[in-house]
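Presented below is the structure to which this report refers.
The values are calculated or read from the model by the stated rules, or taken from the named source; none is laboratory data. Note that the coordinates shown come from a computational prediction; the quantities given were computed from them, not determined experimentally. Note that we place each Cβ from the backbone using ideal geometry, even for glycine, and neighbour counts take in every protein chain shown. Calculation scope for accessible area: heavy atoms of the full protein, side chains included, ligands and nucleic acids excluded. Shrake-Rupley method; radii C 1.70, N 1.55, O 1.52, S 1.80 Å.
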Amino acid sequence: MDDPLRERIAAELPELGEIRDAELKAGCIEAWAVAIANSSYGSIADIPPAGNPEKMIQKSGDQTDHIRGVTRLSIVIADEMASSAPDLPIDRDILVAGGICHDVGKPWEFDPENRRRWKGDRARHGLPSLRHPTYGAHICLIVGLPEEVAHIAAGHSGEGELMIRSLENTIVHMADIGYWQIMLAGGMIQDGTISDKYKRPLSL
């Protein structure tokens, strides 16, 4: 890792400016720097604009569009809910950090070298060995981000159905699911890449 990589990440994710705690903001940058440095990618924008490898692939854009979109949707949801229910104990900094870092494990799961290794010997490695929520939680913890942010990375997707999501995690989860559903409804997902959970009608 080096300062140019950190600067590139900060430029790719301007929503970092919404985080008031300087240490938390720096931790988010460090998490993405570690994730990118330990992958075949040079930046977040190099990662395909997909929900999972080869699934829910956007027709245009890159991974920063998704991360930034989910973060902004999370902020809007939180602000509206706080307006409607002022007693909701939403930690806005944790929410924004969680939105920014919810997919910080994708450089691992999407990495072409990892994909080749896993596909070459599924019996040994699994496919994948770790999904991006698990690896993302690992990254958050090793760079010293709060447990609350690691929890959002770990539980924003299907893995979260096995736990009770925090308030902030619930908001990021809803923003993430909503992002993909809206992209699909608007015809912005490539044919043949739709995940089964988004296909309608559901089979009974």
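Name the residue that is farthest from ILE94 (Cα to Cα), counting only residues in the stretch 12-24 that are open to solvent by 50 Å² or more (accessible area, probe 1.4 Å) and touching a residue at least 24 places away in the same chain (Cβ under 8 Å).
Out of the qualifying residues, it is PRO14.
Looking at the stretch 115-141 only, could you name the residues that are touching a residue at least 40 places away in the same chain (Cβ under 8 Å) and either farther than 18 Å from ILE44 by Cα or of a type in the set (Val, Ile, Thr) (or both)?
Residues satisfying the conditions are PRO128, ILE139.
Being at pLDDT 95 or above, of a type in the set (Lys, Arg), touching a Pro at 6+ places or on another chain (Cβ under 9 Å) and farther than 25 Å from LEU167 by Cβ is the requirement here; does ARG115 meet it?
yes
Could you grab me the full set of residues in the stretch 43-68 that are among the small types (Gly, Ala, Ser) and either buried (at least 20 other Cβ atoms within 10 Å of the Cβ) or without any contact (Cβ under 8 Å) to a residue 24 or more places away in the chain (or both)?
ALA50, GLY51, GLY61
Here are some residues: GLY51, GLY61. Which one is of a type in the set (Gly, Ala, Ser), within 23 Å of GLY192 (Cβ to Cβ) and under 11 Å from the mean Cα position of the chain (by Cα)?
None of the others qualify; the one that does is GLY51.
Just give me the residues in the stretch 104-114 being assigned to a helix (DSSP H, G or I) and surrounded by fewer than 23 Cβ atoms within 10 Å (Cβ to Cβ), in sequence order.
Listed by number, the residues that qualify are TRP108, PRO112, GLU113, ASN114.
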